[in-house]
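Any read-out appearing in this document is the output of simple, stated calculations on the displayed coordinates, not a laboratory observation. Every value quoted in this text rests on a predicted model; they were computed, and no experiment measured them. When we count neighbours, we look across all protein chains shown, and the Cβ atoms used for this are built from the backbone with ideal geometry, even at glycine.
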Amino acid sequence: MNEKTSLPYFRLRSDCFLVSGKKGSVLYDVTRKKAFLLDQESSEFLRLCEGPQPLKDEWRKGRLHHFLDLMIREGLGFYYPHPVYVDNFLLESPINHFGGMAAPPPNYQVAAWHITNQCDHQCAFCPTDFSNPLWQACLSCVRRHNVTEDPALFSDPVAVIEQASHLGIWGLHIRGGNPLLEWDRLMAILRGVARFPHLKTTITTPGTGISLEQTLSLYEVGVALNLNIVLFEHDPDVFETGDGFQFKLLDALEKKNAAFDIAVVIANPPLVYKDSVSRKIFNRWGRRPRFVEFHTLPEENGTPFHFARTEDGRKRLCKWANATEFFHRANNRACLHGGFEVGLDGTLRACAGCHHSCGKIANSRLRNALKEEHLYDLWKLSKEKVVQCMDCGLRFACTDCLAADLLGATNKRVAAGYCPIMDAGDCFNNAKSFQHDGFVQRLSIEKGLEDA
Amino acid sequence: MNRVTLRFSSEQGGEYLYDDVTGCILPWGPVEDAVLNQELGVPPTDPEREWIGKLSANEINAKTSFIRLWRTHYQAFARDEKIDCLTLTPEQLAQSVWANSAVLLLFLTEDCNLNCSYCCYSSGAYPLHRKPSHRAMTFEQAIKAIDWYVANKIAALERDPLKQLGLSFYGGEPLLNIGLIEQIMEYLEKRYPGLFFAVATSNGVLLSDKIADILVKHNVILAISLDGPEEEHDRLRVDHQGRGTHKRLIANLARLKNRYPDYWAKMLCVSVFDPKSDLIKIAKYFEDNEELLPRCAFVNQVTSQNSTYYQSFTEEDYTRFRVQLRSLRNSFKAVSTAGKEPSSYCQALAGGSIILAVLRSRLNDRKTVLPYTGCCLPGYRMAVNVDGRLDICERVSGQNPIGNVNQGGLDLVKIGRLVAEYQRNVLPQCSACPVSKLCSLCFSTAETSKGVERRSGWCEGTLATAARDLSDYISILEANGNVKAMFERNSLERRRAATMFQA
């Protein structure tokens, strides 16, 4: 501790949260958007410093003194003359997270509608049932077997769109299979959407199966349309020079200055592959692709699922854009919150990659299906509630969408099937193993502040 | 820019700052204060300079950068002098009202079987309120109001599949019109199954087995007015012959508990006191009889708003009353600090105002039309009188109706005028207030015979109350931080009940 001060208590800043992991902790500086990995010794010491007793004399010397001084210099905490209570920083009153009569309506954002199982591709890894889900399946096409179509849903698509619009959603995501192959249905839906000018529509499709001209005519219907073209794994050079149908379509979309995105479905991708593909797609079509990742690993201990891991088993950590996003992640399952998918048979799911049925639409009444609490339980399934994730200090920087899905479906308990950032329960010692964009640092009594 | 912060201390001596922009409570001392003042262009005082001299440059830099960080990211600690009130067109007003209104209150009758000494209708001490009468709401009027309400809520209901609306039966004494309650509930079950959650506030004296059967059958939850042990209750709550009502009420409650224990568990008590009440005795009564009485959800002082009721009390009454209040508050703090649940009466009385500190608004809870005080937009909680006249809520005098169900519903021009009057007469100084997020002033408390205005002494009282509540809140947590979860849970539970029942 600095010689000048005699203040005997230390407290973390109210917008800094020390989040425990199995070994060590992570200190989140919410406002400055930084995460500090603390080893066990450092996190235990910090907790002691925050206790009701004054700092001990031996803590005011040597390496402990330097550590606290570092905390002060980094603005993560302060000394106080009294054992003050730090009331944690919140952006909203606790009343807003409480149900009850005055609770605001669910914050619906995007509805996905799976309108067909037809597809002109036979992809080996197409997750035709839920035994083989993808990471970010919501960006890809997904065929489903053994689904009986509910004709009532499609007899009056405008009614479904109208109900979705009343919920306050701003985005409609039309999915398949390949929705272009169900042309009449697709057009009926788009004409319905045109009646609700605030709705933005995305169609996820490989873009094949119909002519270029017909695909381009979708932009003339009068809706705010974005095509999400799903490409499949190729040699990276192919993205640069390829002249197959999908590439011609992308060339035409770019020439037309149409709104479109590119999703690339890849299996077991090394990082270098993704970087290369990303660069080549950017050079040719002026946008970065998003990756839908499919991974196969050998079975272990009879556990059937080993997939959806990336870069040697790890996913990239993700910084929060602002305090609002941080708290949103802390209180919800961020990637599901605000969305739902309507299946061909009227089954309601939280998203295309989710196993769980959250109800079923009967007689085209979307609102009745949305009365089921299960959907909202999934929205609120923060990583605090997921076995394994709850022991990981990095849980508020992890954005993996599948980790909490697998055992939850089979064991009726919510548990992560794997750790997307490779045993991050011991994040301090594994810091070198996971990817981040420089917002994570290691902080320890032993070594002070280091880049992770 | 006005600095909008309040410094306060815990009982243990910890120093804090409440920031009205973010709604946050921060550990705070003279150094932080000096740094903040400097940031806001105010030079530090001599004692502050002395404090600054005691700290290292490292610490001063850290505190400065923290304050700048919060100023930059959250615009903390100071506010523009200009009041930023949004003005809505009648259409926008309607949209806001119907999107947010969650409870419909029906005055089923203007009659009452009792003649309570503090009643705003019958005591004669509240000249702005209506007088008791035998007028009662008809079934036709009730369903007209309900159908009108639901028809206007359609868009909001489409937006929120989980929504359940509140329906509150009021009076007078609503059980005098139990036939209407039964008719309404049968109608709702047929026409709007599952849409409404119904409650009634009653003195409980008429709670016969037959009436209980109806309430239980239709799941109409009761809040019973009970002011304490017999001598306390009967001092205030008497019938038209001047007879006490405690015995009859307690007998009814005992029978109800015996016949319908599950229903009984959902019931609540509402308790009222004045400066002559023996609060210690009342608290003990509720504590000793927690098994026999419904949970006490609200304890309210008889209102002094536009009333002559308080002229009858002596300085001695007030002194004794203040001592008792302080004592109960201390008891609440001691029990809470020990991590135990205070009795429901003690929680509602002593913990009641601390709720404001626990559930205080934060940075993102900004309102737009009436950005300061605790005021909601007229119509969010509308009350229908027996003749279809609409009031802002059940607490107002009835002098400023906001429409009539039989004459086109909400009078949006009138609502707009009331809002403008509130903005003009009440809000102008609020942007400089350091506790605007802790203020409970609203139309019911700002209403006078001359219109809506800021009550004299209100701001000073609010400031003092806020400082005391914040201090108590933080003193408890400083002593035992683990009780925060219990605090929040209890506060939320009481808030849930408050959205439904008369408080």
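For segment B:152-159, the Karplus equation 6.51 cos²θ - 1.76 cosθ + 1.60, evaluated at θ = phi - 60°, returns couplings of 7, 8, 3, 4, 5, 5, 4, 6 Hz by residue, with Gly and Pro reported as x. Panel note: the C-alpha atoms of chain A, placed on their principal axes, show extents of 79, 56, 47 Å (largest first).
Of the trypsin sites (Lys or Arg not before Pro) in segment B:432-483, the ones in a loop by DSSP (not H, G, I, E or B) with at most 11 other beta carbons within 10 Å are B:LYS450.
Each label point was placed 7 Å from the Cα along the Cα-to-Cβ direction; for B:ARG455 and A:LYS380 their separation is 3.6 nm. Beta bridges assigned by DSSP with both partners in the protein assembly as shown are antiparallel in approximately 40 percent of cases.
Give the average over all directions of the projected area of the C-alpha convex hull of the protein assembly as shown, one decimal, in nm².
Numbers: hull surface 171.8 nm².
Approximately 42.9 nm², given one-decimal rounding.
In units of the rule-of-thumb radius 2.2 N^0.38 Å, segment A:96-197 shows an alpha carbon radius of gyration of 1.26.
In summary, the convex hull built on the alpha carbon positions of segment B:209-292 has an orientation-averaged projected area of 5.8 nm². Taking only the alpha carbons of segment A:17-131, we obtain Rg and Dmax values of 24.0, 74 Å in that order.
Around the Cα centre of segment A:109-224, unit charges on the Cβ atoms of Lys, Arg, Asp and Glu (plus for the first two, minus for the last two) sum to a dipole of about 260 debye. In this structure, the amide hydrogen of B:ILE402, modeled 1.01 Å from its nitrogen in the peptide plane, lies closer than 5 angstrom to those of B:LEU390, B:ASP391, B:ILE392, counting only residues at least 5 positions away or on a different chain.
The mean number of partner chain beta-carbon atoms within 10 angstrom of a residue's beta-carbon across peptide B:482-493 is 2. Is segment B:168-238 rounded, prolate or oblate when judged by the Cα gyration tensor, a ≥ b ≥ c being the square roots of its eigenvalues, rounded requiring a/c under 1.5 and prolate requiring a/b larger than b/c? It is prolate, given that a/c is not under 1.5 and a/b is the larger ratio.
Under the classification rounded if a/c is under 1.5, otherwise prolate if a/b is larger than b/c and oblate if not, where does segment B:374-503 fall, given a ≥ b ≥ c as square roots of the Cα gyration tensor eigenvalues?
oblate
Here's the picture: charge each Lys and Arg Cβ at +1 and each Asp and Glu Cβ at -1 in the protein assembly as shown, and of A:HIS234, B:CYS296, B:GLY172 the one pushed furthest to the positive end of that dipole is B:GLY172. The coefficient of translational diffusion for segment B:129-174, derived via Stokes-Einstein from the alpha carbon Kirkwood radius under 37 °C and 0.692 mPa s, stands at 254 µm²/s. Counted over segment B:116-249, the DSSP beta bridges are approximately 10% antiparallel.
Note on segment B:1-101: Cα-only Rg and Dmax are 18.4, 60 Å. What you get for the protein assembly as shown, charging only the Cβ of Lys and Arg (+1) and of Asp and Glu (-1), is a dipole of about 740 debye around the Cα centre.
Please state the relative contact order of segment B:167-239 as a whole percent: Cα pairs under 8 Å, 6+ residues apart? If you can, show how the numbers build up before the last one.
Values: 64 pairs, mean separation 24.8, N = 73.
About 34 percent, as a whole number.
From helices alone, chain A scores -7000 deg cm²/dmol at 222 nm; the rule is -39500 (n - 2.57) for each run of n ≥ 4 DSSP H residues, then divide by the residue total. Overall form of segment B:305-362: oblate. Here a/c, set by the Cα gyration tensor axes a ≥ b ≥ c, is 1.5 or more, and a/b is not larger than b/c. Restriction of the trypsin sites (Lys or Arg not before Pro) in segment B:53-108 to DSSP coil positions whose beta-carbon has at most 15 other beta-carbons within 10 angstrom yields B:LYS82.
Over all orientations, segment A:333-382 has a Cα convex hull whose mean projected area works out to 3.1 square nanometres.
Comparing B:VAL205, B:GLY244, B:ILE184 along the charge dipole axis of segment B:184-244, the residue lying farthest to the positive side is B:ILE184, per the Cβ-charge model.
Mean separation of Cα pairs under 8 Å and 6+ residues apart, divided by the residue count of segment B:60-200: what relative contact order is that in percent?
29 percent
Once C-alpha pairs closer than 8 Å and six or more residues apart are averaged by separation and normalised to the residue number of segment A:135-267, the relative contact order reads 24 percent. How many percent of the alpha carbon pairs in segment B:429-500 exceed a separation of 18 Å? It works out to 56 percent of all Cα pairs. Taking max minus min of the alpha-carbon positions on each principal axis, chain B gives extents of 77, 53, 44 Å, largest first. So what is the diffusion coefficient of segment A:195-277 in µm² per second by Stokes-Einstein at 10 °C and 1.306 mPa s, using a Kirkwood Rh over Cα pairs? Estimated diffusion coefficient is 114 µm²/s.
The loop-placed GluC sites (Glu not before Pro) in segment B:443-496, going by DSSP, that have at most 16 neighbouring Cβ atoms within 10 Å of their Cβ come out as B:GLU453. Stokes-Einstein diffusion of segment B:318-455 at 4 °C, 1.567 mPa s viscosity, Kirkwood radius from Cα pairs, rounded to a whole number: 74 µm²/s.
Counting Lys and Arg as +1 and Asp and Glu as -1, each charge on the Cβ, what is the dipole of segment A:207-275 about the Cα centre in debye, to the nearest 20? With only Lys, Arg, Asp and Glu charged at Cβ, the dipole is about 220 debye.
With θ taken as phi - 60° and the Karplus curve 6.51 cos²θ - 1.76 cosθ + 1.60 applied, the whole-hertz 3J(HN,Hα) list for segment B:421-426 is 5, 5, 4, 6, 8, 10 Hz, x standing for glycine and proline. Footprinting exposure proxy ranking of A:TYR28, B:TYR187, fewest other C-beta atoms within 10 angstrom first, gives B:TYR187, A:TYR28. Principal semi-axes of the equivalent ellipsoid, √(5λ) from the alpha carbon gyration tensor of segment B:69-136, are 44, 20, 13 Å from largest down. Restricting the calculation to Cα atoms, every distinct pair contributes to the Kirkwood radius of segment B:55-103, found to be 14.8 Å. Per residue of peptide B:54-62, the mean number of Cβ atoms on other chains within 10 Å of the residue Cβ is 6.
With the helix formula -39500 (n - 2.57) applied to DSSP H stretches of n ≥ 4, chain B reaches a computed 222 nm mean residue ellipticity of -13500 deg cm²/dmol. Counting Cβ atoms of other protein chains within 10 Å of each Cβ in B:359-366 and taking the mean gives 5.
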